[in-house]
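Have a look at the structure below before the remarks.
The values are calculated or read from the model by the stated rules, or taken from the named source; none is laboratory data. Predicted, not measured: the structure shown is a model, and the values here were computed from it. Neighbour counts are summed over all protein chains in view; Cβ atoms, including those assigned to glycine, are modelled from backbone coordinates with ideal geometry. SASA here: full protein model, heavy atoms, side chains in, ligands and nucleic acids out. Shrake-Rupley method; radii C 1.70, N 1.55, O 1.52, S 1.80 Å.
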Amino acid sequence: MDRINGLPALGFGTFGRKGEDGIETMRLALETGYRHLDTAQMYENEEEVGEALRRSGLLRGEVWLTTKINMPNFAPGKLVPSLEESLEKLGVDEVDLTLIHWPSPNDEYELETYMTQIAEAKEKGLTRHIGVSNFTIALIDQSIGLLGEGALATNQVELHPYLQNRKLAEHCKSKDIAVTCYQPLAKGTVSDDPKLVEIADKHGATAPQVALAWELAQGFVTIPTTSNADRVAENFGALNVTLDDDDMAAIGELDRGQRRIDPDTAPDWD
Ligand SMILES: NC(=O)c1ccc[n+]([C@@H]2O[C@H](COP(=O)([O-])OP(=O)(O)OC[C@H]3O[C@@H](n4cnc5c(N)ncnc54)[C@H](OP(=O)(O)O)[C@@H]3O)[C@@H](O)[C@H]2O)c1
C-alpha cells in the first residue's frame with residue numbers, strides 16, 4: 001500500500017469502535033489488511049485499539065497508530081503526561097503519529113502553548129511524528145512559523161466528494177503536509193449518490209469504494225470506519241479501484257461545500 005509522509009494511505013477510523021464488538025471489528029480490519037488505526041483520546045477507545053492490535057498477532061512495527069490530543073490537555077504541562085497515559089492505555093511504548101485534535105476552542109490556549117508541547121512529546125520519543133487536525137491555512141502557516149517546515153506530517157480534515165476542500169489541500173501539499181480525509185464517506189451518504197453509483201457500475205465496484213479511490217488517487221490518506229464486517233472488506237477493496245480522468249472530473253463536480261462537522265468553536269474555515 002502507498003504511504004504518504006509515512007502514513008499508510010488507507011487507514012481504519014475507530015470513532016465509535018468500542019467494547020468487545022469494537023475490538024473484534026478492529027481486529028478484523030487488521031486481518032483484512034489495514035495497517036493503520038486512527039484513534040483519539042476523545043474517542044475513549046485507546047484500550048480497545050491496543051487490544052485489537054495484540055489480538056491481531058501483528059508486530060507493533062507493522063501497524064501505524066495515530067492518536068489525538070484532547071483539548072483540555074493543551075494546558076501548560078498537561079500534554080506530555082496525557083500522551084503517556086494514552087501509551088499506557090494502548091499498551092505501546094510510542095505511537096507513530098500524534099495530532100492536535102482541534103485548534104484550542106475559543107483560543108483558550110495559545111497555539112504556541114500546545115504546539116511546543118507536542119514537539120516536546122516527539123523529542124521525548126513518545127511519538128514518531130506529529131501533526132494537526134481541523135487546522136486552516138492560517139493555522140498551518142502559524143504552526144510552521146513556530147516549529148519550522150517539515151515538522152508536521154499531516155493535517156486531518158473533513159474531506160469527501162461533497163466537501164473537496166481544494167484550497168486547503170493544495171496549501172498542505174505545497175508545504176509537504178499529507179492531507180488525511182476524515183469522514184471520507186460523508187458518513188455513508190455517498191453510497192446512494194447516482195453519479196458515484198454510475199461510476200462504480202462501470203468499474204464493477206461500489207459507490208463507497210469509488211469515493212475512497214477518488215481520495216487515494218489525489219494522494220490523500222483516507223480513514224473510513226464501519227461497524228459492519230462486510231463493509232470492512234468492501235472499503236478495503238477501494239485499493240483495487242482505478243479511476244480514469246473522466247471519473248475524476250465527474251466526481252470533482254460533486255463538490256457542494258457540505259461540511260458535516262462544524263461545531264460553534266470551529267476555526268474560520270478556508
Ligand atoms: N479529526 C477529527 O476531528 C475527526 C472527526 C470525525 C472523524 N474522524 C476520524 O475519521 C474516521 C471516519 O469518519 P466517520 O466515522 O465520522 O465517517 P465515515 O467513515 O465517512 O462514515 C462512517 C459511516 O458510514 C457507514 N459506512 C461505512 N462504510 C460503508 C459502506 N461501505 N457502505 C455504506 N455505509 C458505510 C458506517 O455505518 P456502518 O457502521 O453501519 O457500516 C458509518 O455510519 C473516524 O472513525 C475517525 O477516526 C476524525
Filtered residue count, the range 1-44, keeping only those that are assigned to a loop (DSSP other than H, G, I, E, B), open to solvent by 20 Å² or more (accessible area, probe 1.4 Å) and within 14 Å of the ligand (Cβ to nearest atom): 5
Look at the range 206-259 and say how many of its residues are more than 8 Å from the ligand (Cβ to nearest atom) and assigned to a loop (DSSP other than H, G, I, E, B). 14
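Every residue, every condition in (1) in contact with a Cys (Cβ under 9 Å, 6 or more places away or on another chain); (2) crowded, with 22+ Cβ neighbours inside 10 Å; (3) closer than 22 Å to Leu97 by Cα, yes or no:
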{"site": "Ser143", "(1), (2), (3)": "no, yes, yes"}
{"site": "Gly150", "(1), (2), (3)": "no, no, yes"}
{"site": "Ala153", "(1), (2), (3)": "no, yes, yes"}
{"site": "Pro161", "(1), (2), (3)": "no, yes, no"}
{"site": "Lys167", "(1), (2), (3)": "no, no, no"}
{"site": "Ala186", "(1), (2), (3)": "no, no, no"}
{"site": "Val190", "(1), (2), (3)": "no, yes, no"}
Of the residues that make up the range 195-203, is at least one within 12 Å of the ligand (Cβ to nearest atom), modelled with pLDDT of 95 or more and not small (Gly, Ala, Ser)? yes
Pick out the one residue from Ala121, Ala52 that is within 16 Å of the ligand (Cβ to nearest atom) and among the hydrophobic types (A, V, I, L, M, F, W, C). Ala52
I need a count of the residues in the range 193-219 that are farther than 17 Å from Gly252 by Cα and open to solvent by 50 Å² or more (accessible area, probe 1.4 Å). 4
Return a yes/no flag: does the range 126-137 have any residue that is aliphatic (A, V, I, L, M), more than 16 Å from the ligand (Cβ to nearest atom) and closer than 29 Å to Met248 by Cβ. yes
Here's a check for you: in the range 63-77, which residue that is out of contact with any helix residue (DSSP H, G or I) (no Cβ under 7 Å at 6 or more places or on another chain) and surrounded by 17 or more Cβ atoms within 10 Å (Cβ to Cβ) is farthest from Gly131 (Cα to Cα)? Trp64
